[in-house]
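Sharing a structure here in structure tokens format.
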Amino acid sequence: MSSTPTATSSAEAAPDRAQVIDQVVKAYDIRGLVGSQLDAAFVRDVGAAFARVLLDEQRSGQGTGLGGGKGVVIAHDMRESSPELADAFAEGVTGLGVDVVHIGLASTDMLYYASGALEMPGAMFTASHNPATYNGIKLCRAGASPVGQDSGLDEIAALLDRGPGEAAAAGPEAGERGSISHREMRDDYAAFLRSLVDLSGIRSLSIVVDAGNGMAGYTVPAVLDPLPIEVEPLFFELDGTFPNHEANPLDPDNLQDLQRKVITLGRVDAGLAFDGDADRVFLVDEKGDAVSPSAITALVATRELRKHPGSTVIHNLITSRAVPEIITEAGGTPERSRVGHSFIKATMAETGAVFGGEHSAHYYFRDFWNADSGMLAALHVLAALGEQDRPLSELMAQYSRYAASGEINSTVQDAQAAMAEVEQDFGAREGVTTDDLDGLTVVLPDGSWFNLRPSNTEPLLRLNVEAADDDAVAALRDEVLALVRG
């Protein structure tokens, strides 16, 4: 078994600092290769830069600043490099006189819980589903409010660009370093999630949970053990080298172990698969068939709309068109959003939406500070399943109306030129509509549609297609790919 490089390992030809900043500061987080891009010294500067941004907001009154908690809460996943990087970040934060509350091992949604419950900005050390050689930092303001490229990450990047140590150059705000305290929050997190879903009358259920050697192996027992749910654990051992399969259930290959286990046991009501930091959940039914995240979005939306009639529900533009249809039928108002948690959370805050769902299995809840939680979405599905006697496949059938391709990647040298060619071809056809809310979305007269989006990090175009049936999906998919790849 290979080990993860530590945060202080070196690369043969490390890029200069400006290149590193450009490479690791993404649209929604900071993420890169441990050693050559992220090391303890660089992350210490990130911590100082984050503290500086928060202190400047606090002083100017132009943002939430340090929130009600007057410090920063920090957590990390099971990667070998995570504790060292988290400690380095804490050094950067406390160097400016700001306190740190360290909650140790956590899922990303557990960090969001801590940020909300403690009214503190937060930092989660994880690279989610990326390979073991990567790590990263997901930042949020107090109340789990997102920090994205246009809401703080650009300011952090600018501070980092001034050079090592520059963000901390002014020294402590109060003349002394901040303190670091440690706090256990897993049980509080688990109890809070259970308080948001009525599980009192559910029948006994049997499920398989694939933690992928990620943080779900730590959080699932705390959340589910008090419930009438028998859990068959799969890969619960915390191991940031991911020895069994990638912790990325969005790739169908990584669901195969879960599907085999469900089929082999033959008495299972559902299977759950979490990604590395356990903020996303994927489901398979009692037959081992994958359940569409769009169908889960529609199911949870109807449940939330029963509690909050007439509310707005957010869906990103790649979810099935069944989602806005079902939201409307349930008396809610569907609101379309760009892909990505910072966009979804911002739209939820603007509209007061009760819930939001994405095709990538991120699910957002107003009652959870507008943050995403795979575990909370899973509790909703388990509650819906346990409240009635039908198997999961029959329960979910009512939320699945169309066929979809799933995400298909194509390597391209010029994503914008490829999208322009597709738009020119389809846009000239009678009855076709296009929009550029996020990449290129094309809707055909028969209601079928596709979206092309460029990757933020790779020379890829991502294609998603939906149509009435599998044959129509295949025909439209092939037509678009011929243009993209031709």
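Which whole-number value in Å² is the accessible area per residue of the chain, probe 1.4 Å?
Details: 18730 Å² over 486 residues.
Each residue of the chain exposes 39 Å² on average to a 1.4 Å probe.
Pop a pseudo-label 7 angstrom from the Cα along the beta-carbon direction at both Asp225 and Thr241 and give the gap in nm to one decimal.
2.8
Given H placed on each backbone N at 1.01 Å, which residues far from Asn316 in sequence or on other chains put an amide H within less than 5 Å of it?
Amide H neighbours of Asn316: Ser337, Gly357, His359.
Could I ask something else about it? List the residues, sorted by chain then number, that are 5 or more residues from Val73 or on another chain and whose placed amide H is less than 5 Å from its amide H.
It is Val101, Gly122, Ala123, by chain and number.
Let me ask something else about it. Can you list the HN-Hα couplings for segment 54-65, worked out from phi with the Karplus curve (6.51, -1.76, 1.60; θ = phi - 60°), rounded to whole Hz and with x for Gly and Pro?
Rounded to whole hertz, the list is 5, 5, 5, 4, 4, 5, 7, x, 9, x, 6, x.
Counting only helical runs of four or more DSSP H residues, what would the 222 nm mean residue ellipticity of the chain come to if each run contributes -39,500 (n - 2.57) and the total is spread over all its residues?
Details: 15 runs with 172 residues, N = 486.
My calculation for the chain gives -11000 deg cm²/dmol from helical runs alone.
In terms of Cα to Cα distance under 27 Å, which lysines are near enough to Lys307, apart from those fewer than 8 places away along the same chain?
Straight-distance partners of Lys307: Lys345.
Give me the percent relative contact order of the chain, please, defined on Cα pairs under 8 angstrom at least 6 residues apart.
On the way: 1089 pairs, mean separation 58.3, N = 486.
Reported as a whole number, the value is 12 percent.
Per residue of segment 346-351, in order, report the coupling 6.51 cos²θ - 1.76 cosθ + 1.60 (Karplus, θ = phi - 60°) as ³J(HN,Hα) in whole Hz, putting x for Gly and Pro.
5, 5, 4, 5, 5, 9
Is segment 1-155 rounded, prolate or oblate when judged by the Cα gyration tensor, a ≥ b ≥ c being the square roots of its eigenvalues, rounded requiring a/c under 1.5 and prolate requiring a/b larger than b/c? Let's see the in-between values first.
Values: a/c = 1.88, a/b = 1.47, b/c = 1.28.
Prolate shape, in that a/c is at least 1.5 and a/b is the bigger ratio.
Under 30 Å from the Cα of Lys261, which lysines turn up, not counting those fewer than eight places away in the same chain?
Leaving aside lysines fewer than 8 places away in the same chain, those within reach of Lys261 are Lys287.
Then there's this: Could you give the angle, 0 to 90 degrees to the nearest 10, between helix 256-265's Cα long axis and the longest principal axis of the Cα atoms of the chain?
60
Could you give each residue of segment 157-168 its phi-based ³J(HN,Hα) in whole Hz, using Karplus coefficients 6.51, -1.76, 1.60 with θ = phi - 60°, and x for Gly or Pro?
Working through the residues one at a time gives 4, 5, 5, 5, 5, 6, x, x, x, 5, 4, 9 Hz.
Can you list the residues, at least 5 places off or on another chain, whose amide H is less than 5 Å from the amide H of Glu286, using H built in the peptide plane?
Result for Glu286 returns Leu392, Ser393.
Would you mind telling me the share, in percent, of accessible area of the chain contributed by carbon and sulfur at probe 1.4 angstrom?
Numbers: 8730 of 18730 Å².
Solvent-exposed carbon and sulfur of the chain make up 47 percent of the total.
Considering only DSSP beta bridges with both partners in the chain, what is the antiparallel share in %, to the nearest 5? Please list the in-between numbers first.
On the way: 41 of 73 bridges.
Among the beta bridges of the chain, antiparallel pairing accounts for roughly 55 percent.
The values are calculated or read from the model by the stated rules, or taken from the named source; none is laboratory data. The shown structure was predicted, so the numbers you read here are calculated from the model rather than taken from an experiment. Cβ sites come from the backbone with ideal geometry, for glycine too, and all protein chains shown count toward neighbours. Just the protein is used for accessible areas: all its heavy atoms, side chains included, with ligands, DNA and RNA removed. Shrake-Rupley method; radii C 1.70, N 1.55, O 1.52, S 1.80 Å.
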